[in-house]
Amino acid sequence: MEDIRGTIKSELATGDLRAYIAGNAGSPHPYLETIRIDCLKHKWNFMLTTPDQAAFLYAHAKMINAQKILEIGTYFGHSTLALAAALPNSGRLISLEHNPKFVATAKGHMEAAGFSEQVEIRVGEAPLLLPMLELEHAADSFDLIFVDADKRHFHDYWEASLRLVRKGGVIIFDNALARGEILNEAPDAPDHIAAVRAFNNFVKSDPRVFSYIATLADGMLTAIKL
C-alpha cells in the first residue's frame, strides 16, 4: 500500500517538511492509512486530521489512561480510530456527526478496523445531541473530549465539554489557528477567524483549565480540566 502520510494537508508545514513530520509520527493503528487513502478521493479531504494529529490524540488518551471518550465531528473516522485504538477492551467512544453519509463511511471503517463494538457514532447536529448526551451520562464521566466541528458553536461545545469531562481530563479543539489565518484582522476577513481568535482568548483566561495550543496541523487547543 502506498504511503501517503505526507500528502494530508497541514497548515503549518508543507512539502518535504510536512512529509518528514508525518513520517516520524507513530501510527496508532495500521488501518488509518486505509482511511487516508479513502478520504483523498473526497473534495473536502483537507478536513481530515493529519497523521501527527492522530498520534497526538492517541498519545494523550494513552497518557491519561482514558476509558471513555467523546468526539464531536467524526468525518471519515480517522481521528475516531486513533482515539479508539488507545482504549482498553472495556473502553468506549461516542462520536457525534451531522452528515449521514460521513456516518455511514465512518461506521464502515470502524467495522473493518475491528472497533464497531467500542465506537458508537450518533447522527445529528451536535448542539441538539449534546443535551441528550448529558442526560444519559453523569457529569465528570468522560476522560477525553475531542472537538473538530462547526466553529460557530465552539462556546457551546466548550461548556458542555467542561461539564462532561472529569478533573484531570483533557479537552482538545482542532483548527485553533483558523486554517493558518488566525492573525488576519483585516475588515474583510471571514467571520470565523475572529470567532476562533475570541474563543482561544476565552479559553486562555478560563480559570477552570490549563491550556495551550499545540502547533501541529492547524493548531490543536489543548486543555486540562483543573
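Working out 0.36 nm times the residue gap between MET63 and GLU185, then minus their Cα-Cα distance, what length gain in nm do you get to one decimal?
40.2 nm is the gain from fully extending MET63 to GLU185.
Over the alpha-carbon set of region 54-121, divide Rg by the Kirkwood Rh and report the Rg/Rh ratio to two decimals.
A ratio of 0.94.
Order by neighbour count: VAL196, VAL123, VAL103, fewest other Cβ atoms within 10 Å first, most last.
VAL123, VAL103, VAL196
Averaging sequence separations of C-alpha pairs under 8 Å and six or more residues apart, then dividing by the length of region 5-225, give the relative contact order as a whole percent.
Computed over region 5-225, the figure is 18 percent.
Using a/c under 1.5 as the rounded threshold, could you call region 179-225 rounded, prolate or oblate? The axes a ≥ b ≥ c are square roots of the C-alpha gyration tensor eigenvalues, and prolate needs a/b larger than b/c, oblate otherwise.
oblate
Shape call for region 88-141 from the C-alpha gyration tensor, a ≥ b ≥ c root eigenvalues: rounded (a/c under 1.5), prolate (a/b greater than b/c) or oblate?
Since a/c reaches 1.5 but b/c is at least a/b, the shape of region 88-141 is classed as oblate.
Given labels modelled 7 Å from the Cα in the Cβ direction, how far is it in nm from LEU40 to GLU117?
Label at LEU40, label at GLU117, 3.3 nm between them.
Would you work out the charge dipole size for the chain about its Cα centre, treating the Cβ of every Lys and Arg as +1 and the Cβ of every Asp and Glu as -1, and quote it to the nearest 20 debye?
The calculated dipole for the chain is roughly 320 debye.
For the chain, place one equal point scatterer on every Cα, skip the solvent, and apply the Debye formula. What is log10 of I(q)/I(0) at q = 0.10, 0.15 Å⁻¹?
-0.41, -0.99
Sum -39500 (n - 2.57) across every DSSP H segment of at least 4 residues in the chain, then divide by the residue count to get the 222 nm mean residue ellipticity, nearest 500.
-12000 deg cm²/dmol
Find the all-direction average of the projected area of the Cα convex hull for region 1-134, expressing the result in square nanometres with one decimal place.
That works out to 8.4 nm².
Cut-off under 19 Å on the C-alpha distance; same-chain residues fewer than 8 positions from LYS41 excluded. Which lysines are left, in chain and number order?
LYS41 reaches LYS9, LYS101, LYS107.
Tell me which lysines have Cα within less than 27 Å of LYS167's Cα, excluding those fewer than 8 residues away on the same chain?
LYS62, LYS68, LYS151, LYS204, LYS225
For LYS101, LYS43, which order do you get if you count the other beta carbons within 10 Å of each Cβ and list the fewest first?
Ranking LYS101, LYS43 by Cβ neighbours within 10 Å, fewest first, gives LYS43, LYS101.
Where a number appears in this text, it was derived from the coordinates with a stated rule and is not lab data. What you see is a predicted model, and the numbers here were worked out from it, not measured in a lab. Backbone-built Cβ (ideal geometry, glycine too); neighbour counts: all protein chains shown.
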